[in-house]
Amino acid sequence: MTLDPAVLAGILGKLEQVKGDPERFGVYEDDPLGFALDILGVPQWDEKNPLVPGLTPDQVALLTAAAENRLTVARSGHGVGKSFALAILVIWWTYARRGLVVTTATTWNQIEKVLWREIASLVLKAKVPLPGEMLQTELRVRPDWYAVGLSTSEPTAFHGRHHARLLVVVDEAPGVSEEIYHAIYSLATGERNAIVLVGNPTESAGSFYDAFQKGNWKRLHLSCLTHPNVLLGKEVIPGAVTRVWVEESKARYGEHSPIYQSRVLGEFPSTGTQSVCPTPWVDRAMEQSAYQGALKSLTEGKTRILACDVARYGDNRTVLIERRGDVLLEPEMWGGVDTMETTGRIVRAWKRSGADAVVVDEVGLGAGVLDRLLELGVPVVGFHSGKRAATPSLYQNRRAEAWWHMRERLEQGRVFLPQNDALRRDLTSPTYKVRSTGQIAVEMKEEMRRRGVDSPDYADAAIMAFAYDLDPDIFDSATPAAPPPHQDPPYATVLTETWRDGVSDYQGY
């Protein structure tokens, strides 16, 4: 039987109309996994066929939880595919729930280059064509039916985006400010609204941490150890975490380190936000019989370093400390003098001790002391706490790296300290946290003052003495024991200008 051309044209037109109708995806309203399989063409990993890549059990659990709960929070290890799962979630909600999706993250780069790049890739490669307009950080179906990425630097951008079917997705959630969380909670007020928070559990404070302690949240855990690549010891899912990386992380940081706990296990660090240098470790290093034994066993050739944290008048103290090998000698402290007198005291101590080098805190007043010591031919190097760390992937700045180096020495019993109450107090005062980037950040002095804690001048001098063991490139200036006799002050001026070139590089925490 031959169809009438007009009837055939009507059938084909109806098929085309259905094909372009976004409402047709409503059959997947409660089935994000089915949507991923049938519409996006994303397979599911199966233990029966373990070498075939696909959505992991943890990713499936995240999708299911978001479909069934108003509030979902997931703590995650590194490289387990959380952003890929969130991208599927965004697209599913947009088309199957026919609603509004607001996405955000700690940084705009995480929003634009990670999450929304995944979203765009999935939309463009979808098994079934998805109607709508795909923009850089927006997927628009209709004027009131879309998904969008918003920056956390603009809290007002969240205002007014209410919708009967609203989903708010927060990637790298621990790093998002409390102001943004207030905006999110004020936004998702409807019964059919939902919030999904996902990220590395880097600190035991804030809204992300609180979601695991209280409230009606569906709580999930995505550990690196349960990922197929790690379980099988093969890179089944390209680009995801591997067993090799897990083992390297264990060897590098140790199983009890906060970095391993958060980025590998997906657990909140057991130590939480606490002192960089725990009191028991400091007390052990100050045990007098061990300290006296270390002093007596010192031999010639051990590294001798002088380190000075400089202050001028006011309440702050200038602290000078000498290091011999693994041993710190009793620190000297003074206040109420100008930088030239401080310079003179350092020169006398250098001549008396025969130190190999002098380390001076060159931030602020220390810069003048550094300049004068250079001019006098003292073998001095400048330590700038806010500059780039020797290992920037692990530490926010030089200060954090130097403090963590002291922490590791204390933990390993490789430092011996004099019994000095001020040094003990200063070492145990600053706290640390692991940022969403995985970097260690140490509490800055201004923050310590706000909670009523004095500047840790004794400890700063001590950590600088041991920071000399780190990459020499982290120090800004150096000079031989004496300037060439045919050169006068301009010799020092050139070196000082080299130091000044880097000041604009300052990154405060």
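Quick notes
- Two-decimal log10 I(q)/I(0) for the stretch 19-263, as the Debye equation yields it once each C-alpha is a single scatterer, q = 0.14, 0.15 Å⁻¹: -0.91, -1.05
- Only aspartates and glutamates eight or more places from Lys250 in sequence, or on another chain, were considered; those with a Cα closer than 20 Å are Glu203, Glu235, Glu267, Glu401, Glu408, Glu411.
- Within the same chain, lysines fewer than 8 places from Lys125 are excluded, and of the rest, those with a Cα less than 28 Å from its Cα are Lys14, Lys19, Lys48, Lys82, Lys113, Lys234.
- Residue order, fewest to most beta carbons within 10 Å, for Leu410, Leu225: Leu225, Leu410
- Between the helical axis of 5-19 and the longest alpha-carbon principal axis of the chain there is an angle of about 30 degrees.
- Karplus (6.51, -1.76, 1.60) ³J(HN,Hα), θ = phi - 60°, over the stretch 53-70, in Hz, Gly and Pro reported as x: x, x, 4, 6, x, 5, 5, 4, 4, 5, 4, 5, 4, 5, 6, 9, 10, 6
- Euclidean distance of C-alpha centroids, the stretch 85-107 and the stretch 180-194, integer Å: 14 Å
- Degrees separating the helix 490-500 axis from the principal Cα axis of the chain, which is the longest one: 30 degrees
- FRET E, pair Asp30, Tyr185, Förster distance 25 Å, beta-carbon r, rounded to 0.05: 0.50
- Mean Cα-pair separation over length for the stretch 85-129, i.e. relative contact order, pairs under 8 Å, 6 or more apart, %: 43 percent
- Computed on the chain, with alpha-carbon pairs under 8 angstrom and 6+ residues apart, the relative contact order is 13 percent.
- In degrees, nearest ten, helix 398-412 long axis to first principal axis of the chain (Cα): 80 degrees
- Shape summary: the chain maps onto an equivalent ellipsoid whose semi-axes, from the alpha-carbon gyration tensor, are 58, 23, 21 Å in decreasing order.
- Modelled this way, with points 7 Å down the Cα-to-C-beta line, the labels at Lys113 and Glu332 are 4.9 nm from one another.
- Cross-link reach is defined here as a Cα-Cα straight distance under 20 Å, omitting same-chain residues fewer than 8 places apart; for Lys445 the lysines meeting it are Lys387, Lys433.
- Taking the stretch 19-263 and dividing mean pair separation by its residue count, relative contact order in percent (alpha carbons under 8 Å, at least six apart): 25 percent
- In plain terms, the chain from Asn69 to Glu138 could stretch by 22.4 nm, reckoned as 0.36 nm per residue minus the Cα-Cα distance.
- Taken along the Cα-to-beta-carbon direction at a fixed 7 Å, the label points for Glu255 and Gln292 span 3.9 nm.
- When you count the other C-beta atoms within 10 angstrom of each residue and take the mean per peptide, 290-296, 216-222 line up highest first as 216-222, 290-296.
- Counting beta carbons within 10 Å around each of Glu446, Glu203, Glu287 and listing the fewest first gives the order Glu446, Glu287, Glu203.
- Residues Lys433, Lys214, sorted so that the one with the fewest Cβ neighbours within 10 Å comes first: Lys214, Lys433
Readers should treat all values here as calculations from the given coordinates under stated rules, not as data from a laboratory. Small disclaimer: the values here were computed from a predicted structure and weren't measured. Cβ atoms come from the backbone with ideal geometry, glycine included; neighbour counts cover every protein chain shown.
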